[in-house]
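Remarks on the structure that follows.
The values are calculated or read from the model by the stated rules, or taken from the named source; none is laboratory data. Please read these numbers as outputs of a predicted model, since none were measured by experiment. Quick reminder, even Gly has a Cβ in these numbers, built from the backbone with ideal geometry, and neighbours come from all protein chains shown. These accessible areas exclude ligands, DNA and RNA; they are computed on the full protein's heavy atoms, side chains included. Shrake-Rupley method; radii C 1.70, N 1.55, O 1.52, S 1.80 Å.
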Amino acid sequence: MNRSFVISVFFVLILVASCKKDDTLNYLYPEESRPFYEPAPFGMTFIERGSYVMGAEDDELQSFNTTLKRVSVEAFWMDDTEITNNEYRQFVYWVRDSIARTLLSETYPEFMITEDDFGNFYETPHLNWQDPIEWNNPDFQLAMEELYIPEEERMFFSKSLDTRKYTYDYYWVDYKQAAKSQNRYNYETQTYEGSIINQDGEEVPISNRSSFIFKESVPIYPDTLCWIRDYTYSYNEPLTKQYFAHVGFDDYPVVGVNWHQAKAFCDWRTQMMNKYQTLMEAPSVHAYRLPTEAEWEYAARGGHERTLYSWGSYYTRNLPGCFKANFKPRRGNYVADSESSTTTMKVASFDPNDYKLYDMAGNVAEWTSSAFNEAAYENINDFNPSYEYNSSPDDAPVMKRKVIRGGSWKDVAYYIRNSTRSFEYEDTTKSYIGFRCARTSFKDEFRE
């Protein structure tokens, strides 16, 4: 046999062997070898990755607005409507019930599950959500006394739950501080180096991994008094009493929620979704979160560039002359764009944009995750841009500004433009600010 022929066959075999996938991982990690497809999240719309010119690209007031910057954003999901009263109320009820079950477990141990079906004790006991809470049971009420309004504060001697005590606790990791070069883990000394700014705004040495973990305790009941606080000499008491609590407003956007409360809702939604995924033996999902300012504008444009409004036009009316969003089209005329409401409207009352997103202009303005800075466009990256800042309690108010987008029912047309950016302080609540969630996607790989 020819020597050159043998050598050729040898190299061909090597090439074939190198092209064959190593099956070792299939035996070691059979679950990870399965193909993954991302299911479409309920109530969310898929936004493909892309690029656009961020800012007032074609506007006679451009010089007075912001600079322009072409940016690219990764694929993500976004709620097709703003979070409604009904959806946020589910969060409130879950927090209420979790506090109630914790208090009940101190008297009735069956409300806390400490062991599995085989008698093995859990390292971390968890609440029993199966047994119903008998709210009218006097013994139960006595066990939950801390959750009720104190007797001296009750109106008409009625014993009712104290919504001021509905607090949601969660943890988050400050990856930005953990990623700093000076904060790296030293494998030789088996310790962390550097320092970190804690939640009190103090610079302290890094002790261990827990230094990067922060705890948030957020009172989550909406501020219903914002309807009165926002408007002097205006009769809004019916909205204060009923807007969040009454089923007649179920499909209206939730308001009176500050930036911290919106973030807490996103965390709760993530926890609920991942618990379901675990139950179904499915992989966890990306976290629900507030969209960045860049994501929000990209989604609002609906694939169009050089248009003022989310419906891809320079005008606020359609051809028959009807308004395309819920805003204040004329001075003092809040009903010009609606025959049924002077304030908010049911979500999805107007046509969606070309990304199938509703109310990206008007109805209520929306929180984003981005901090507000006049020079943000000049400093942000052009890839997944996001300007963020975690304020400390002692920070000046200017450091607590967060970007809001989309304009609201009480705003003139300028504020419902795609490119218009405004701000509100993260710890304030308004009757015209709500939010919607976003979620990063897995590289365009999903199925309906």
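Give, as a single signed number, the net charge of other residues whose beta carbon lies under 9 Å from the beta carbon of Asp230, with Lys and Arg counted +1 and Asp and Glu -1. Within the 9 Å Cβ shell, the charges total +3.
When the chain is treated as a Gaussian network with alpha carbon springs shorter than 10 Å, the biggest mean-square fluctuation among Arg436, Arg405, Arg184 belongs to Arg184. Report note on the peptides 368-377, 227-236: ranked by the mean count of other C-beta atoms within 10 Å, highest first, their order is 368-377, 227-236.
Within the chain, helices built from complete DSSP H runs that reach 20 Å or longer along their own axis (Cα positions) and carry a mean Kyte-Doolittle hydropathy of 1.0 or higher are 3-19.
Per the Kirkwood formula on distinct C-alpha pairs, the Rh of the chain is how many angstrom? 25.4 Å is the Kirkwood radius here. The overall shape of the stretch 226-276 is oblate: from the C-alpha gyration tensor, with semi-axes ordered a ≥ b ≥ c, the ratio a/c is 1.5 or greater and a/b is no larger than b/c. For a Förster distance of 25 Å, can you work out the FRET efficiency between the beta-carbons of Ser158 and Ile228, rounded to the nearest 0.05? According to the calculation, E is roughly 0.70. When you restrict to C-alpha pairs under 8 Å that are six or more residues apart and normalise by the size of the chain, the relative contact order lands at 21 percent. For a straight C-alpha distance cut-off of 12 angstrom, the aspartates and glutamates reachable from Lys402 (same-chain residues fewer than eight places away being disregarded) are Glu293, Glu366, Glu374, Glu388, Glu424, Glu426, Asp427.
First select every other residue whose beta carbon is under 12 angstrom from the beta carbon of Ser313; then total the charges, Lys and Arg +1, Asp and Glu -1.
Here the count lands on +3.
Only helices enter this figure: runs of n ≥ 4 DSSP H residues, each worth -39500 (n - 2.57), summed and divided by the residues of the chain, yield -6500 deg cm²/dmol at 222 nm to the nearest 500. Taking every C-alpha pair closer than 8 Å and separated by at least 6 residues, the mean separation divided by the residue count of the stretch 88-243 gives a relative contact order of 16 percent. Counting only Cα atoms, the size of the stretch 250-383 along its three principal axes is 52, 41, 27 Å, in decreasing order. A convex hull fitted to the Cα coordinates of the stretch 42-199 yields 334 cubic angstrom per residue. Charge tally around Thr81: other residues with Cβ under 12 Å, Lys/Arg +1 each, Asp/Glu -1 each, net -4.
Using the structure shown, select from Lys328/Lys356; Lys215/Lys346; Lys346/Lys430 the pairs with a Cα to Cα distance greater than 28 angstrom. Checking Cα-Cα distances, Lys215/Lys346 exceed 28 Å.
Restriction of the chymotrypsin sites (Phe, Trp or Tyr not before Pro) in the stretch 109-143 to DSSP coil positions whose beta-carbon has at most 14 other beta-carbons within 10 angstrom yields Phe118, Trp129, Trp135. Quick one: of the DSSP bridges fully inside the chain, what percent are antiparallel, nearest 5? In the chain, DSSP labels about 85 percent of beta bridges as antiparallel. Using the Karplus relation 6.51 cos²θ - 1.76 cosθ + 1.60 with θ = phi - 60°, the per-residue 3J(HN,Hα) values for the stretch 250-258 come to 3, 9, 8, x, 5, 10, x, 10, 7 Hz, with x marking Gly and Pro. For Tyr52, nonlocal amide neighbours, meaning residues 5 or more places apart or on other chains whose placed amide H falls under 5 Å from its own, are Val71.
Across the stretch 410-420, rounded Karplus estimates of 3J(HN,Hα) from the backbone phi angles (6.51 cos²θ - 1.76 cosθ + 1.60, θ = phi - 60°) give 9, 9, 7, 4, 4, 7, 9, 5, 4, 8, 6 Hz, Gly and Pro being marked x. Surface composition of the stretch 293-396: carbon plus sulfur atoms contribute 45% of the solvent-accessible area (1.4 Å probe, protein chains only, all chains present).
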